[in-house]
Amino acid sequence: MEKRTTSGQKMLLTKLHLNKKIFILALSFSLLSPAYVYTTPIYSIIKDYSPAQKEIAKSKNGMITTQHFIATEVGEKILSKGGNAFDASIAISFTLAVVLPRAGNIGGGGFMVMYDIDSQKSYSIDYREKAPKLASRDMYLDKNGSFNKQKLSTFGYLSSGVPGTVAGLWEVHQKFGSLPWEELLEDAINYAENGFKVTPFMSDVLRAYNKKLSFYDETKNIFQKDYPDFKKDLIQKDLANTLKIISIEGKDGFYKGEIAKKIAISMEENGGLISQYDLENYKAVWREPLKSKYRNLELITMGPPSSGGVHIIQMLNILENYDLQSLGHNSSKYINLLAETMKYAYADRSKYLGDPDFYNVPIKSLTSESYAKNISNNIELGSLVESSDINPGMYIDNESHETTHFSVADKYGNVVSSTYTLNSTFGSGVVIEGTGILMNNEMDDFSAAPGIPNQFGLLGAKANEIAPYKRPLSSMTPTIIMKDNELFLTTGSPGGARIISAVLQSILNIVDFEMDLEEATFAKRIHHQWQPDVLEMEFFIDDNLKNELQEIGYKLKVTNPLTCIQTIMYRNNSFYGYGDFRRPDAFASGEIND
Ligand code: DON
């Protein structure tokens, strides 16, 4: 590895061989790109953001990394008071719902993977949104059976699934919380009620989403009242009231009573499907986390209805057959190997992954070492297999298939890796009248029509077709890695389909290439998701590499950075954290009292 001698910002510029202007241009393009990159033009506001993270954070008392420095500070406060990582995660989640409205939420859902030091066991909770009772397989198809063009699965009332966030956080508190629930909502309520400073980045995001956030008056009055200059603090009074109700009444404050009624009425009046019955019957589910070994490490990650864990394990199983360091980081050979590996994994995802309560996901076969070996035997470096020649599951043995991430580690040994989302940036664009709740558009994560890719270009099949009460397939990949019963690292990312490939590379960068957190964050990420048959690389591709990859046969595309890795490492009794510059407000810190 080349030795790093410069600060993060400088290293970025030299590592990417970019002059500052081009870098800022690329970064601005990406940061302001709506999550539905396939359908919406990219905004080209050029702005010099100064990422909150200046250097690797180090602490002996725990570590927090989130996509907004205010949420990180709230987490530090909770840990300083003697709360544990679970308490901090609940407070962070509610705070992100206020200060990061593009993804943080109480109107969405997610997954949390945890390590509890008392029981020395790992846990995972699924608080993914569910399809409402009245949802049906063909609800987004028109009379002729073709996928409707009105974007009903991505925008407006019909795009929302029944939210799971409050139920998930409540469950985590019931099981592991040590501080009173009300105390964990105090800061979020305060920031909603009294406002917080809009950062230059957030200001540009709000400006870039003017159209989406202006369609419904309720949304516009909250998020666009200061358009085009968001210089005033953002105050969300209705959200503060909703959070107060949740603070007093707990989970029922959201799923029963006044708030539930408002959601149901609003849905009914505007063509949405979520009813009071749906809300009252929503349950978060504790699921066995997926576990596997990679080299000498123990991986703990999320199982279905997220596809993330299955495919991280599958890809690491394939890659374990290689000495990656000898190939050279981001060399054409290394990228060739990663791309081929990703193609097989994403092909399987399209067919075999869905809600395990509805579909028997062949987790064992997909994550078996023999299957991985069969795939690696068919990868020949220096050449490729066309995506059209890769079929899901082709090497399974017959006998036996805007989102935000945060990580928290406390001094006691508890670890939380959490990814939750509204799906697209600002979800469905709908704020439920009088509640301040921004609703998700998670229904788009179902395969709404056979052969039609969703907003992330992902294809799906029967396993992920819409059904009442079903959870849409996710790519969210909150992951914890342990070594000799101690935390080694915890990581995760937003980025839709690209989450899985980003998490994979964040693990490989640290484990196989021995990078520190800054180097691992600055390393360029590649992505291939089988269909479309395109190899993506962030920022730019230099000419030599381009020629080598094209010679192998890859169709190349330079993309905006769409992921944002939040990793914590633990080495020699110290925690290290780094907030990914790709979302400049991201921040890791461990200023925690003894
Ligand atoms: O669950 C999923 O995989 C998607 N709803 C995640 C969306 C996402 O990451 C958008 N973020 N940039």
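The values are calculated or read from the model by the stated rules, or taken from the named source; none is laboratory data. The structure presented is a predicted model; accordingly, all values stated were derived computationally and were not measured. With ideal geometry, Cβ positions are generated from the backbone for all residues, glycine too; neighbour counts draw on all protein chains shown. The protein model used for the area step is the full one, side chains on, heavy atoms only, and it has no ligands, DNA or RNA in it. Shrake-Rupley method; radii C 1.70, N 1.55, O 1.52, S 1.80 Å.
Worth a mention:
- Label positions at Y469 and D118, each projected 7 Å from the Cα along the C-beta direction, are separated by 3.2 nm.
- Stokes-Einstein diffusion coefficient of the chain, Kirkwood radius over Cα pairs, 4 °C, 1.567 mPa s, in µm²/s: 55
- Two-site label geometry, S574 and K557: point separation in nm, points 7 Å out along Cα→Cβ: 4.2
- Treating r as the C-beta distance of R295 and E183 and R0 as 45 Å, the FRET efficiency rounds to 0.65.
- Working note: Karplus 6.51/-1.76/1.60 with θ = phi - 60° gives region 135-142 the couplings 5, 8, 3, 9, 5, 9, 9, 8 Hz, where Gly and Pro are set to x.
- Of the accessible area of region 66-173, computed with a 1.4 Å probe over protein heavy atoms only, carbon and sulfur atoms account for 50 percent.
- At most 14 other Cβ within 10 Å, DSSP loop - GluC sites (Glu not before Pro), region 55-144: E55
- Distance in nm between pseudo-label sites at I265 and Q150 (7 Å out along the Cβ direction from Cα): 2.4
- Reducing region 419-446 and region 176-229 to their Cα centroids gives an inter-centroid distance of 13 Å.
- Loop-located trypsin sites (Lys or Arg not before Pro) in region 164-260 (DSSP state other than H, G, I, E, B) with a sparse environment of at most 16 neighbouring Cβ atoms within 10 Å: K197, K225, K231, K232, K256.
- Nearest-0.05 FRET efficiency for D594 and Q174, computed from C-beta distance (R0 35 Å): 0.80
- Using Cβ point charges alone (K and R +1, D and E -1), the dipole size of the chain about the Cα centre works out to roughly 820 debye.
- Surface exposure of the chain, expressed per residue as accessible area with a 1.4 Å probe, stands at 36 Å².
- In the chain, the calculated helix contribution to ellipticity at 222 nm averages -10500 deg cm²/dmol per residue, counting -39,500 (n - 2.57) for every DSSP H run with n ≥ 4.
- For region 320-417, the spread of Cα positions along the three principal axes, ordered from largest to smallest, is 47, 40, 29 Å.
- At R0 = 25 Å, FRET efficiency that the Cβ-Cβ distance of W286 and K364 yields, to 0.05: 0.80
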